[in-house]
1. When both residues are 6+ apart or on different chains and their Cβ atoms are under 6 Å apart, which pairs have a first residue that lies in region 140-151 and is over 21 Å from ILE44 (Cβ atoms), and a second that is surrounded by 13 or more Cβ atoms within 10 Å (Cβ to Cβ) and modelled with pLDDT of 95 or more?
2. Go through (1) in contact (Cβ under 8 Å) with a residue 24 or more places away in the chain; (2) surrounded by 14 or more Cβ atoms within 10 Å (Cβ to Cβ) and name the single condition ASN111 misses.
3. Which residue pairs have Cβ atoms closer than 8 Å, lie 6 or more positions apart in sequence or on different chains, and pair a first residue in region 158-178 that is touching a residue at least 24 places away in the same chain (Cβ under 8 Å) with a second residue that is hydrophobic (A, V, I, L, M, F, W, C) and in a loop (DSSP other than H, G, I, E, B)?
4. If a residue must be within 13 Å of the ligand (Cβ to nearest atom), surrounded by fewer than 24 Cβ atoms within 10 Å (Cβ to Cβ) and farther than 16 Å from ALA23 by Cβ, how many such residues does region 40-77 contain?
5. If I go through region 92-104 residue by residue, how many of them are surrounded by fewer than 22 Cβ atoms within 10 Å (Cβ to Cβ) and in contact (Cβ under 8 Å) with a residue 12 or more places away in the chain?
6. Using beta carbons and a limit of 6 Å, which pairs, at least six apart or on different chains, have the first residue in region 13-24 and farther than 16 Å from GLU50 by Cβ and the second one modelled with pLDDT under 95 and charged (D, E, K, R)?
7. Out of the residues in region 114-126 that are in a helix (DSSP H, G or I) and crowded, with 17+ Cβ neighbours inside 10 Å, which is farthest from the chain's Cα centre (by Cα)?
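The values are calculated or read from the model by the stated rules, or taken from the named source; none is laboratory data. Source: prediction; values computed, not measured. Counting neighbours? That spans all protein chains shown, and the Cβs are built from the backbone with ideal geometry, glycine included.
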Amino acid sequence: MLDIIRIIRAGEDALKYADDVSAMIDEAAKSKNSGLAHRTPEYIRQKIREGKAVIAFVNSEVAGFCYIATWQGGEFVSHSGLIVSPKFRGRGLATAIKKECFLLSRDKYPNAKIFGLTTSPAVMRINTELGYVPVAFPELTTDEEFWKGCETCANFDILQRTKRFNCLCTGMLFNPNK
Ligand SMILES: CC(C)(COP(=O)(O)OP(=O)(O)OC[C@H]1O[C@@H](n2cnc3c(N)ncnc32)[C@H](O)[C@@H]1OP(=O)(O)O)[C@@H](O)C(=O)NCCC(=O)NCCS
């Protein structure tokens with residue numbers, strides 16, 4: 001039987017999947033290399049309620065997720081928490097989720113610079129296709145709230161040591177004016 005894959009902007013009916021998404025992120029965050037930070041189910045629900053999340057299903061099972069956030073009064077938009085369930089990886093789901101997040105960001109904040117932090121070669125490839133370039137961290141947002149999100153990452157000590165110039169993650173930026 002063929003799988004039915006849906007990549008959608010998450011609405012109220014996706015709220016019930018917040019626990020599953022949070023658990024998936026936590027599982028992946030256990031790897032020191034993932035650069036993923038903990039996100040509570042309540043935080044995931046907040047993103048869904050704000051219309052700032054994309055969710056993927058394979059048949060009726062939640063298979064992936066990503067959310068957007070704005071910084072410095074909307075000058076920057078970040079994409080974070082990208083996760084695909086291990087059993088659905090390697091089938092193009094992350095590519096489709098990131099593309100939908102990118103379109104969501106461009107629709108909601110057409111003038112914003114879009115950025116992300118990642119250790120994942122897969123995500124670097126996807127971002128490059130979308131027009132992002134790698135940059136040093138001072139080119140990203142200076143919003144303290146954004147960088148607070150790194151405090152639960154397993155590599156936070158490195159970010160502190162470099163005084164936020166770089167870390168194990170690569171910073172990638174899409175500038176709509178370039
Ligand atoms: C990273 C992750 C989201 C990728 O999900 P996925 O659905 O398997 O990715 P895709 O199938 O869309 O692959 C995207 C591209 O990366 C490539 N790719 C996939 N895994 C790769 C890897 N380990 N190394 C290098 N390239 C890889 C794919 O070939 C594809 O490239 P192509 O389009 O040129 O063929 C998934 O592995 C995951 O959830 N990992 C744990 C959490 C994490 O690291 N999140 C990222 C935080 S920024």
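1. LEU140/PHE115; LEU140/GLY171; THR141/TRP71; THR141/GLN72; THR141/PHE76
2. The number of the failed condition is (2).
3. The qualifying pairs are PHE165/ALA136; ASN166/ALA136; GLY171/ALA136; GLY171/LEU140; LEU173/LEU140; PRO176/ALA112.
4. 1
5. Residues of region 92-104 that are surrounded by fewer than 22 Cβ atoms within 10 Å (Cβ to Cβ), as a first pass: 92-93, 95-96, 99-100, 103-104.
The next check asks that each one be in contact (Cβ under 8 Å) with a residue 12 or more places away in the chain; those that pass are 93, 95-96, 99-100, 104.
Residues that pass the stated criteria total 6.
6. As it stands, the answer is SER22/ARG39, since those pairs meet every condition given.
7. Filtering first and then ranking leaves ILE126.
Yes/no matrix, rows are residues, columns are (1) under 16 Å from LEU36 (Cα atoms); (2) surrounded by fewer than 16 Cβ atoms within 10 Å (Cβ to Cβ); (3) more than 15 Å from the ligand (Cβ to nearest atom):
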residue	(1), (2), (3)
THR128	no, yes, no
TYR132	no, no, no
TRP147	yes, no, yes
CYS169	yes, no, no
